[in-house]
1. Do you know the relative contact order of the stretch 246-382, to the nearest whole percent, from alpha carbon pairs under 8 angstrom that are 6+ apart?
2. Place +1 on the Cβ of every Lys and Arg and -1 on the Cβ of every Asp and Glu in the chain, take the dipole about the Cα centre, and give the residue among Val354, Pro60, Ala47 whose Cα lies farthest towards its positive end.
3. Only Cα pairs under 8 Å and at least 6 apart count here; give the relative contact order of the chain as a rounded whole percent.
4. Rounded to a whole number, what % of the accessible area of the chain do carbon and sulfur atoms account for, probe 1.4 Å?
5. Per DSSP H run of n ≥ 4, the term is -39500 (n - 2.57); total these for the chain, divide by its residue number, and report the mean residue ellipticity at 222 nm rounded to 500 deg cm²/dmol.
6. Take the Cα of Arg162, step 7 Å along the line toward its Cβ, and report every residue of the stretch 341-382 whose backbone nitrogen sits under 16 Å from that point.
7. Per residue, what accessible area does the stretch 216-323 have, given a 1.4 Å probe and all protein chains present, in Å²?
8. In the chain, how many lysine pairs have Cα atoms under 21 Å apart, counting only pairs 8 or more places apart or on different chains?
Amino acid sequence: MSSITCPYCFARLARERIGFRCAGSSGRGPGCAPRLDERLAAYTGSAASASLPPYFDPPPAVRRLGRGTPRRATCPECGQDTARRVCPECHNPLPGAYCETPGKIVALVGAKNSGKSTYIAVLLHELSHRIGAELGTALVACDDRTIERYKRDFHRPLFGDRRLLPATASAVTTPRDPLVYLLTRTRRRRLRQQDMSLTLVLFDTAGEDLRSRDVTDLHLRYLAAADAIIFLVDPLELKSGGGDPDGEPINVIARVTELLHVGRDLPHGRRLPVPAAVALTKIDALPLDGALQRNRTATAALDLNDREAVHEQVRALLYDWQAGELDRYLSHEYAEYGLFGVSALGGVPREGAVGTGGIRPYRVEDPLLWLLHQFGMLDGAR
């Protein structure tokens, strides 16, 4: 692997450019004192959390040889050894496992009222518990900002207070960090095992941000760097076929698809090599039968028969709702796409709170499992 993408600023980095941060002083020995890191402060928009031991570039010999960055380096100021690797562009920390394994960035996009915030909260909770145990994966937040934001904005209100999450504020008025997680899994083969990682970079994008050119430009590098996309779609928007044209699922997906073409300098007429998962949310509110009525079989492999049955059932629903253009558009624009049905809550909420049955997620993991299969991290079985 000759380069990686920073999961914060999305700069493409040659491995020999990855920098380091001094480990600092524990108070009982040598080490550099904290100082303002102006690049990090510029990224976060605040100097409050940017007072840290200094950043330094990798040793010149490493840059000349171009053989990748070492795991450790010596601070040129204090002589202390450090293993804290840092993006040279934005000065955010880079997890060691992410530097050493080929991470994949998954972008999550949805229009207004598609249930993005609730889906993020429940998906991460399931990956840390039920699904993580089932697949043998570990999900770790990549920084303290992610830990704090998930607890404050997602887990505490939904799982603690049982309150529904509010609509996402525009990034124009409320700048916010992405949630950045590292999902690692060991895939065992006959005579060897392979450690693989997936970087989940989740922006809770407000619906109006997807039609604001200024904010969309800020998301361009995020989308251009994505190795896969999860689109969330409110089925009621599809069934009604009305409302705000900017918020219609087909228009939101088309806008993002255009950004993907621009970011990759790929002309229209050529399918994007980015797997796209399109998930109908809140399917508990729909009368369902067939594959979508059944729970997924708990296994450490992707059930390919179930995957195909769900895809075809959702596809049939789109055509029943006179929304077949969405399926046709995806088939023209993406080399690989999958259709899904999910429910984060598993029941209808009441007066701004979780329903009396509690939170009962239904198939929220399906899009991610399909992407893990696309990336070679999860076997398929029939």
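The values are calculated or read from the model by the stated rules, or taken from the named source; none is laboratory data. Computed from a predicted model, the values in this text were never measured in an experiment. Ideal geometry is used to build each Cβ from the backbone, glycine not excepted, and the neighbour counts take in all protein chains shown. For the accessible areas, the whole protein counts, side chains as well, though only heavy atoms, and no ligand, DNA or RNA atoms are used. Shrake-Rupley method; radii C 1.70, N 1.55, O 1.52, S 1.80 Å.
1. Relative contact order comes out at 33 percent.
2. Pro60
3. It comes to 15 percent, rounded to a whole number.
4. The nonpolar share, carbon plus sulfur, comes to 49 percent.
5. About -8500 deg cm²/dmol.
6. 345-361
7. Value returned for the stretch 216-323: 47 Å² of accessible area per residue.
8. The result is 7.
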